[in-house]
Amino acid sequence: MIIPVRCFSCGKVIASDYVKFVEESKKIRNETGHEPTGEEKSKIMDNLGVDRYCCRRMILSNADLIDEVISYS
Amino acid sequence: MLKIIELKDNFIRFSVDNITPAIANSLRRTLINDIPKLAIENVIFHHGEIRDADGNVYDSSLPLFDEIVASRLGLVPLKTNINMNFRDNCSCGGKGCDLCTVTYSINKLGPGYVYSSDIVPVNNPELTPADPMIPIVELKKGQAMLVTCEAVMGLGKEHAKWQATSGVSYKYHRNFILNKNEIDNWKFFKEKCPKSVIKENDSEIVFTDDIPCNFLSQLFEIDNVKIEEDDTKFIFKFETDSSLKAIDVLSYAIKRIENRFSILMESLSD
């Protein structure tokens, strides 16, 4: 739906990092014309300081569906 | 003895000498559970029409349920004055006063995201959200959010929103002892991890992984490397959610442990 504020396992605030992650991914998409590869995604998260895999899965596995729900509110 | 190895505003790595694993774990649990911190506890939503300065009418319904929005608001880290009172033992008797409660308000007109920077403290201008970029909810055109919230102090054992630290962990101090005659490529490790060398003489070189260095993990795979672990010296690390500084959290936790042990000793002597 919308990115959870904190990592479910460790409690680190990851919502603001997700916003930056989406921006960086968009930049890569515009510059290279392809979806960011696994290595590129990993690098973005390293730069954001998201080291633990519990926090990384929060960002990688999120599906932002609020835009689809919003028209029914 | 406590020695700080690495210190940033919201990250710390330190070593503690001459303690048992039980003490190390009590320090870890105190860091997770027992640090007071401010978090939004009561949220009052304005339901009905919301008007802006020009008289345009907005709808107060949101795409997420109010309960979910309230939960998300609670999880936003707020800058904290650690000396604030808990509501239960405040001089106001639990009614809520400036010593124990901070009031916030959100007034946002759609369309667009409501971010944590839209949470504005009413009476205490320095206690703003520590992270301004957290999306709370999205508003479509014609929707608006008008909310007042109350933040109170709490402890991590009650709810995760009052947990000031994350990733609290510790490990034993560890020595890798390399015999220079048996292992030829010790120079490679010395070159790659110069900070990790703690002792060197003609016949052997000793590394430690107190300061992380990626190449040291290769030492586990080489035969003849003698690995010594010391169960009286611990390397801790943790980060905070930037509501408090890491160093303040650590000094509070140590005082807190001392205090709790003295309460235990008193009750035993009675």
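The values are calculated or read from the model by the stated rules, or taken from the named source; none is laboratory data. Predicted model, so just to flag it, every value in this text is computed and none were measured. With ideal geometry, Cβ positions are generated from the backbone for all residues, glycine too; neighbour counts draw on all protein chains shown.
Give B:Lys192, B:Lys180 a once-over and let me know the one that is touching a helix residue (DSSP H, G or I) at 6+ places or on another chain (Cβ under 9 Å), without any contact (Cβ under 8 Å) to a residue 24 or more places away in the chain, more than 14 Å from every other protein chain (Cβ to nearest Cβ) and surrounded by fewer than 18 Cβ atoms within 10 Å (Cβ to Cβ).
On the way: B:Lys180 fails: without any contact (Cβ under 8 Å) to a residue 24 or more places away in the chain.
None of the others qualify; the one that does is B:Lys192.
Filtering region B:215-234 down to residues that are of a type in the set (Val, Ile, Thr) and not in a strand (DSSP E or B), which residue is surrounded by the fewest Cβ atoms within 10 Å (Cβ to Cβ)? I'd like the intermediate steps shown before the answer.
Our first condition is that a residue be of a type in the set (Val, Ile, Thr); within region B:215-234, this holds for B:222, B:225, B:227, B:232.
The next check asks that each one be not in a strand (DSSP E or B); those that pass are B:222, B:225.
Details: B:Ile222: 14, B:Val225: 18.
Ranking the qualifying residues of region B:215-234, first place goes to B:Ile222.
Filter region B:117-151 down to the residues that are surrounded by fewer than 22 Cβ atoms within 10 Å (Cβ to Cβ) and under 17 Å from B:Pro36 (Cβ atoms), then identify the one that is farthest from the other protein chains (Cβ to nearest Cβ).
Among those that are surrounded by fewer than 22 Cβ atoms within 10 Å (Cβ to Cβ) and under 17 Å from B:Pro36 (Cβ atoms), it is B:Asn124.
Go through A:Met45, A:Met1 for me and flag whichever is in a loop (DSSP other than H, G, I, E, B) and either out of contact with any helix residue (DSSP H, G or I) (no Cβ under 9 Å at 6 or more places or on another chain) or within 30 Å of B:Lys79 (Cα to Cα) (or both).
Details: A:Met45 fails: in a loop (DSSP other than H, G, I, E, B).
Going through A:Met45, A:Met1 in turn, the sole match is A:Met1.
Within region B:99-111, can one find any residue that is buried (at least 18 other Cβ atoms within 10 Å of the Cβ), within 14 Å of another protein chain (Cβ to nearest Cβ) and not polar (S, T, N, Q)?
Yes, there is a match, as at least one residue in region B:99-111 is buried (at least 18 other Cβ atoms within 10 Å of the Cβ), within 14 Å of another protein chain (Cβ to nearest Cβ) and not polar (S, T, N, Q).
When you check A:Ile59 against the structure, is it in contact with a strand residue (DSSP E or B) (Cβ under 7 Å, 6 or more places away or on another chain) and assigned to a helix (DSSP H, G or I), yes or no?
No, not satisfied.
Residue under question is B:Leu244, and the condition is that it be modelled with pLDDT of 90 or more, over 27 Å from B:Ser166 (Cβ atoms) and not in a strand (DSSP E or B); does it hold? Show your work before the answer.
Details: modelled with pLDDT of 90 or more: yes; over 27 Å from B:Ser166 (Cβ atoms): no; not in a strand (DSSP E or B): yes.
So B:Leu244 does not fit the description; no.
Inspect region B:164-178 for any residue being on the phi < 0 side of the Ramachandran plot and at pLDDT below 90 and give the result as yes or no. Let's see the steps before the verdict.
Going through region B:164-178, the residues on the phi < 0 side of the Ramachandran plot turn out to be B:164-166, B:168-178.
Filter once more, so that each one left must be at pLDDT below 90: B:178.
Yes, the conditions are met somewhere in region B:164-178.
Out of region B:41-55, which residues are loosely packed, with under 14 Cβ neighbours inside 10 Å, outside any loop (DSSP other than H, G, I, E, B) and in contact with an Asp or Glu (Cβ under 9 Å, 6 or more places away or on another chain)?
The answer is B:Ile44, and nothing else.
Are any residues in region B:152-167 over 11 Å from B:Leu75 (Cα atoms), more than 9 Å from every other protein chain (Cβ to nearest Cβ) and buried (at least 17 other Cβ atoms within 10 Å of the Cβ), and if so, which ones? Give the steps one after another, and end with the answer.
Step one: of region B:152-167, the residues over 11 Å from B:Leu75 (Cα atoms) are B:152-158, B:165-167.
When the remaining residues are screened for being more than 9 Å from every other protein chain (Cβ to nearest Cβ), the result is B:152-155, B:157-158.
Result: B:Val152, B:Met153, B:Gly154.
Test B:Met84 against the criterion of being over 20 Å from B:His46 (Cα atoms), at pLDDT 90 or above, surrounded by 17 or more Cβ atoms within 10 Å (Cβ to Cβ) and touching a strand residue (DSSP E or B) at 6+ places or on another chain (Cβ under 7 Å), and give yes or no.
Numbers: over 20 Å from B:His46 (Cα atoms): yes; at pLDDT 90 or above: yes; surrounded by 17 or more Cβ atoms within 10 Å (Cβ to Cβ): yes; touching a strand residue (DSSP E or B) at 6+ places or on another chain (Cβ under 7 Å): yes.
It is true that B:Met84 is over 20 Å from B:His46 (Cα atoms), at pLDDT 90 or above, surrounded by 17 or more Cβ atoms within 10 Å (Cβ to Cβ) and touching a strand residue (DSSP E or B) at 6+ places or on another chain (Cβ under 7 Å).
Condition check ((1) surrounded by 15 or more Cβ atoms within 10 Å (Cβ to Cβ); (2) farther than 30 Å from B:Ser61 by Cα; (3) within 14 Å of chain B (Cβ to nearest Cβ)) across all residues:
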position	(1), (2), (3)
A:Asn30	no, yes, no
A:Glu39	no, yes, no
A:Lys43	no, yes, no
A:Leu48	yes, yes, yes
A:Ile66	yes, no, yes
A:Val69	no, no, yes
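Tell me which of these B:Leu127 doesn't satisfy, since it passes every other one: (1) out of contact with any Phe, Trp or Tyr (no Cβ under 7 Å at 6 or more places or on another chain); (2) over 30 Å from B:Leu2 (Cα atoms); (3) of a type in the set (A, V, I, L, M); (4) in a strand (DSSP E or B).
(4)
Given the conditions (1) of a type in the set (S, T, N, Q); (2) within 30 Å of B:Met84 (Cβ to Cβ); (3) not in a helix (DSSP H, G or I), which single one is not true for B:Ser71?
(3)
Going by the conditions given, is B:Gly167 touching a helix residue (DSSP H, G or I) at 6+ places or on another chain (Cβ under 8 Å), in contact (Cβ under 8 Å) with a residue 24 or more places away in the chain and closer than 28 Å to B:Thr30 by Cα? Before you say what the answer is, go through the steps one by one.
On the way: touching a helix residue (DSSP H, G or I) at 6+ places or on another chain (Cβ under 8 Å): no; in contact (Cβ under 8 Å) with a residue 24 or more places away in the chain: yes; closer than 28 Å to B:Thr30 by Cα: yes.
No, not satisfied.
What residue, of A:Ser25, A:Ser16, is closer than 29 Å to B:Pro63 by Cα, polar (S, T, N, Q) and facing chain B (nearest Cβ under 7 Å)? Give the steps one after another, and end with the answer.
Numbers: A:Ser25 fails: facing chain B (nearest Cβ under 7 Å).
Within the list A:Ser25, A:Ser16, the selection yields A:Ser16.
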